[in-house]
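First up is the structure itself, then whatever we jot down about it.
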Amino acid sequence: MVRNIVVLGGSSHPDLVNTVCHLLGIPNGRITLSKFAVGETRVEIQDSVRGKDVFVIQSGCGKVNDHLVELLITISACKTASAKRVTAVLPHFPYSRQSDIPYNKTGAPLSKAPTYNGGKNDFTFESRPGTPGPMDSPGLGVSHGGLEKELSRIALERGADGGVNGADRGKSHPPTPLRRTNTADSPSAASSVNVNEWVPPKGTGYKQWVAQAGTLVADLLTCAGADHIITMDLHDPQYQGFFDIPVDNLYGRPLLQRYIKYNIPDYQNAVIVSPDAGGAKRATAIADALGMEFALIHKERRPTRITDRQNATMMLVGDIAGKVAILVDDMADTSNTITRAAKLLKGKGGATRVYALVTHGVFSGDAIDRINASALDKVITTNSVPQDQHKRLCDKLVVLDVGEVFAEAIRRVHHGESISVLFRND
């Protein structure tokens, strides 16, 4: 039993909190989490935390913004109540994908109309799967992606009107009056752009900018009073540099490697596959540790004249014919990447079976339905976010428990011991 420690759990993942407390041999910290009628979060800590080492467990899933505010208020309440140290434990760190500059706008609405280029060319710039990103044209209504496409088209047309040799460059043009169109959600609205047709003046250097939430979340946690952060498999490891306090980024690799060794027959002849270039380092680390071959899926972003539109922008680098393919990634949100990769691996690659191993199985939107209909044979993930409902809906899903990893990390941090043993991939 660990003494002089309090573990408080947020509302995002109570099962993981119970597991951690059971492994530590301590009772759950008593805390009341509720909302006022207006929707504001209310936190009441019922145990004394004065002079105690407090660990607050809250995962970035579900209602992410509500859970983040709940975590901040809980940390602040503990510091106000004279806690000796407050450590925020975030198995899945929220907003960790918004750390890159310029921001690569990825994400996915859940419906898409067929791409149509007017018959001018038989190639497409399509580089995303069936679930579109923000830059794709919507089926009904208008999204911000439609705004950006329309503004780009207008800018190109106006640039072409200026003459090939720049003969009209010095001439002044009268301003074009702003036009608004109907914004009703109807099929007729899909063919129009419901925005002001405004284009920034040339030569001003104006660039559309997207707020970077990564550094803001790091500052919020620090200002709330967190003294230490424990998380697992940050989407971008550079995120640790945004903090002025210690950050322990635990690895989910040992769990995934153990599953490969003891649950995949003849795993030495299987091939570890990275679904994109960004995850190559993660995948090669597992391949090297287990003595396995490695392959990579390259996403081609140039226009191609290929009739198979779904796989037109994906290319397999490596030989997996007649072998088991094991996709490795840090996160599966809408499951676009892994399901498209599985189709490519089984279809053109000739793989006999395809496994997908991901640390954080968020599975938002229609991700579970997409996995059920995909070429994936099994999807292995951890319970860094709740998986009970997902597991009921998907027979292909296998869930690994991370409670033991976080319990050991909390015990070692509390006693001032090294946690480098948890970073080993043996």
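Quick check, is Ser384 surrounded by fewer than 21 Cβ atoms within 10 Å (Cβ to Cβ), outside any helix (DSSP H, G or I), of a type in the set (S, T, N, Q) and at negative phi? No: the conditions fail for Ser384.
Among the residues of the range 356-371, are any in contact (Cβ under 8 Å) with a residue 40 or more places away in the chain, in contact with a His (Cβ under 7 Å, 6 or more places away or on another chain) and among the polar types (S, T, N, Q)? Scanning the range 356-371 turns up no residue that is in contact (Cβ under 8 Å) with a residue 40 or more places away in the chain, in contact with a His (Cβ under 7 Å, 6 or more places away or on another chain) and among the polar types (S, T, N, Q).
Filtered by the rule that a residue be surrounded by fewer than 18 Cβ atoms within 10 Å (Cβ to Cβ), touching a residue at least 40 places away in the same chain (Cβ under 8 Å) and part of a helix (DSSP H, G or I), the range 265-287 gives Asn269, Ala285. Checking each residue in the range 39-62 for being touching a residue at least 40 places away in the same chain (Cβ under 8 Å), out of contact with any Ser or Thr (no Cβ under 8 Å at 6 or more places or on another chain) and open to solvent by 30 Å² or more (accessible area, probe 1.4 Å) picks out Asp47, Lys52. Open to solvent by 10 Å² or more (accessible area, probe 1.4 Å) and over 19 Å from the mean Cα position of the chain (by Cα): does that describe Gly291? Criteria met by Gly291. Residues of the range 406-421 that are open to solvent by less than 30 Å² (accessible area, probe 1.4 Å) and part of a helix (DSSP H, G or I): Phe406, Ala407, Ala409, Ile410, Val413. From the list Thr359, Thr337, the one residue that fits, being part of a helix (DSSP H, G or I) and closer than 23 Å to Asp236 by Cα, is Thr337.
The values are calculated or read from the model by the stated rules, or taken from the named source; none is laboratory data. Just so we're clear, the structure is a prediction, and the values are computed from it rather than from any experiment. Cβ atoms come from the backbone with ideal geometry, glycine included; neighbour counts cover every protein chain shown. Heavy atoms of the whole protein, side chains included, go into the accessibility calculation; ligands, DNA and RNA do not. Shrake-Rupley method; radii C 1.70, N 1.55, O 1.52, S 1.80 Å.
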